[in-house]
Every structure is written in C-alpha cells, then in structure tokens.
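Here's the structure, in structure tokens; my notes come after.
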Amino acid sequence: MVRDQQGYLQNVVAKDNESLLDCLQHNALSIGSVCGGGGTCGQCIVRLDPSAAISVAERYRLSQDRLLSGYRLACQQNTDLKGNVQLVESPNPKTVSCELLSNTFITPFIKELRFKYQGSVPLDFKPGSFVQFTIKEGQSLAFPKDLPRRYQPYWPRFESATFSHPNTVRHYSVANRNDGSGVLTFNIKMQPAQSNNQRPGIGSFHLGNLSIGTVVDIVAPRGGFNLLDDLGVREIVLVGGGSGIAPLKALIDELIFGLHSTLPITLFYGAKHPVELANHCWLKAVETQHSNFSYQPIGSNASSVWYGQVGRVQTPLNAFVSAHRSLHRCLFFLCGPPAMMNDVTQLLLRYSVNENAIQIDSFSPFTTT
C-alpha cells in the first residue's frame, strides 16, 4: 500500500525484481526523479518502516535524523518492504539567474554552453549535479543558426523555420567543477527532427540557439556524485556515452584540478562516431599532463582518420575488470543512455562489484532533448 501526498492509501502492483521507484512510476504515482534511478538527484524521497536497509546514496543524500525516521530514496529500495510506503512532497527548489557567456559547437551535435551565475551568494554544487531549465511556451528555431561548415555534412537537410512547443522542463548535468567563479558549463546535444512530421528537441534547440548575453532563470544545481571519505585508498573508474560525458568531466575536473588527487582514474568513453566524442582534446591533454589519468575513447563506427578503439564501451571495460586484481577498491561512476548503463551495470555485477560502489547518472530523451 502507498499513501500519496494527499494522505490517501492506494494499492499498487509490483513487478518482479524492480525498484520501488519503477513500481511507483508504472503505477502512475507522482514522484520526482531525473537521474534515472542512480541515487544522484535525491528527489524520490519516500517514508518507510525505519528498519528498511540504507544504501550509500541514501546516507549521502539524507540526514541521519531523516534516516532514523524512515526516510529513504525510492530508487534505492526494492518493493519487498514492511509496512506502507508514504510519498513525500519535494521542497520548493531555489531559482537563480545566469547570463550566457558562450555557446559553441564542440561536436556535430553537442554544444558547450557556459553561463555566469548572477547572484551574490556563492553557488554550492558537486560533480554530477544537474540543473533544471524551464522552456516557456512559444516558438523556437528549427535549425542551428551557427552550425560550423565542417559539421554541416552530418546534419539532415533543413529549411529556415520555427516550431511551436509547450511550456516544458529539461534537465542537464553541469560539466565543470565548482571553482568559485560562478560559471556553469553544459554539454547539450541538439536533437534534430527525424522527419518532416516531427519537431526537434525542445530544450536543446531553444538553449542551443540562445544569444550571448541572454539571462535565464534556472533551478540551482542539485544532486551530485558521492565521493566517499576513504577516497584516498580508492580507484576511480568512469564509463560514459555521448553527452553523458558532462558529469564525468566535472568529476575529473574536481578530482585532478580541485582536489589534486593522485589516485588512479580511468575513463571509458564511447560515441557512435569518433567526431562525436565531446571534450576529446581536453581529455587527451589531461591524460598527457597527469600520469594517474587514463583516457580510453571508443568509436562505435570505424573511420579512416580514427586510430583508436572501435566497438562498444563494454568490450575494453570487460577486459579491464577481468584483469583487475583489486576491484573491491574501485568506485564506478556511469553516465549515458539507459540501455548502455544497464549493460555496463550488469557487466560489473557479474564480476561481483558491490552495488554500493556503482553510481549511475542515467538520462532519457524526455529530460535532455
């Protein structure tokens, strides 16, 4: 039984081997979550019997008092629970203003947008944090107005036109560490329409076509990856796909340039085509300058100008974990399309990696396009 935010009890039907979050969502019960069930956004709060197990993500997201009172994250709990489940209203988020500093294509479809926070009170955010943008009802350009000539062959033919869209919300991960400058960087993948009867990605085209100097209101960064207290004796393994590199880049930025960490860090990063590897030059430079960082880019499709690995990220990752002799020391941070994240998670579990050592920031087209 589930008690909703209005206090009414409702019967729900649970499927085998699903999380409480998935169960609530497929029973059409309203509960916040934008991180794909990885425990990084901290929105899917429920109240359970206080004896319910507590995960690493819950210890990081919820206070000790709330944990003792039975508050948990639905994405971290299975449906085999004692007592009723009580849904909890999320607190009203803080809204802040930011000015767009730059808006640049870094791959044929991904743009890097840099915003400057306009407030006087410093922003507090962690690697893996995400920001909520509200796109107001109206019209947006249906084409990228500043597409570089070198990227035009990758795009479908389009005409100069606009498209109508409703008021909507989109979420994007911050791609830089909090260095105190108030700058927030995002890697936003512009999603072109797949046919004449479809419209392109609402959020990506609206934001991707913003002019320098535009001021937007956003919900302040929330969520973030969990860096354990014993980080100094750990090894970091990052797995990303496509624009999922954003929160992983922020984590690399924090570990190497913020914390000046010397612990081993390995990044496996895949894209359909090598030219779609965002931040590739930055990552190569970091690898060259820091011996503790290893960068393994993988392109799904071969290219005459690509001399790196070809195939799926899972292949080199499997070779890495199968040869590793201290997997218990490793922390895994994943971000990419849900199907890829599921495959990677299952691969790690087959090697007996502890679930608490895997943090996932999965995304879906609904929240990012």
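The values are calculated or read from the model by the stated rules, or taken from the named source; none is laboratory data. All of these numbers come straight from a predicted model, not from anything done at the bench. Cβ placement follows ideal geometry from the backbone for every residue including glycine, while neighbour counts extend to all protein chains displayed. Side chains included, ligands, DNA and RNA excluded: accessible areas come from the protein's heavy atoms. Shrake-Rupley method; radii C 1.70, N 1.55, O 1.52, S 1.80 Å.
The residue of the range 53-108 that is nearest to Val216 (Cα to Cα), among those that are in a loop (DSSP other than H, G, I, E, B) and touching a Ser or Thr at 6+ places or on another chain (Cβ under 8 Å), is Gln77. Taken over the range 220-254, the criterion of being in a helix (DSSP H, G or I) and surrounded by fewer than 23 Cβ atoms within 10 Å (Cβ to Cβ) is satisfied by Leu231, Gly232, Val233, Asp253, Glu254. Can Pro122 be described as outside any strand (DSSP E or B), out of contact with any strand residue (DSSP E or B) (no Cβ under 7 Å at 6 or more places or on another chain), touching a residue at least 12 places away in the same chain (Cβ under 8 Å) and surrounded by 13 or more Cβ atoms within 10 Å (Cβ to Cβ)? No: the conditions fail for Pro122.
Among residues of the range 347-369 that are closer than 15 Å to Ile202 by Cβ, those with a Cβ under 7 angstrom from a residue that is of a type in the set (Val, Ile, Thr) and at pLDDT 80 or above, sequence gap 6+ or separate chain, pair up as Thr369/Ile202.
For Ser204, the conditions (1) open to solvent by less than 20 Å² (accessible area, probe 1.4 Å); (2) assigned to a strand (DSSP E or B) are fulfilled apart from (2).
For the range 43-56, a residue qualifies if it is open to solvent by less than 20 Å² (accessible area, probe 1.4 Å) and touching a helix residue (DSSP H, G or I) at 6+ places or on another chain (Cβ under 6 Å), and the qualifying residues are Cys44, Val46, Ser55. No other residue among Gln314, Gln296 is farther than 23 Å from Pro127 by Cα, touching a residue at least 12 places away in the same chain (Cβ under 8 Å) and surrounded by 14 or more Cβ atoms within 10 Å (Cβ to Cβ) apart from Gln314. For the range 139-165, the candidate set comprises residues that are part of a strand (DSSP E or B) and open to solvent by 30 Å² or more (accessible area, probe 1.4 Å); within that set, the residue that is nearest to Phe105 (Cα to Cα) is Leu141. Residue check: Thr134 meets all listed conditions (1) without any contact (Cβ under 8 Å) to a residue 60 or more places away in the chain; (2) polar (S, T, N, Q); (3) open to solvent by 60 Å² or more (accessible area, probe 1.4 Å) but one, namely (1).
Residues in the range 61-106 that are open to solvent by 30 Å² or more (accessible area, probe 1.4 Å) and of a type in the set (Gly, Ala, Ser) were compared, and the one that is farthest from Ser19 (Cα to Cα) is Ser97.
Exactly one residue out of Phe332, Phe257 is in contact (Cβ under 8 Å) with a residue 60 or more places away in the chain, open to solvent by less than 60 Å² (accessible area, probe 1.4 Å) and either under 23 Å from Tyr154 (Cα atoms) or outside any loop (DSSP other than H, G, I, E, B) (or both), and it is Phe332. Of all residues in the range 279-293, those that are closer than 27 Å to Leu113 by Cβ, open to solvent by 70 Å² or more (accessible area, probe 1.4 Å) and of a type outside the set (D, E, K, R) total 4. Remark: Val305 falls outside the filter, which requires a residue to be modelled with pLDDT under 95 and crowded, with 21+ Cβ neighbours inside 10 Å. Among the residues of the range 167-193, the ones that are closer than 27 Å to Leu334 by Cβ, part of a loop (DSSP other than H, G, I, E, B) and open to solvent by 10 Å² or more (accessible area, probe 1.4 Å) come to 6 in all.
From the list Lys111, Lys126, Lys82, the lone residue that is in contact with a Pro (Cβ under 9 Å, 6 or more places away or on another chain) and under 30 Å from Asn354 (Cα atoms) is Lys126.
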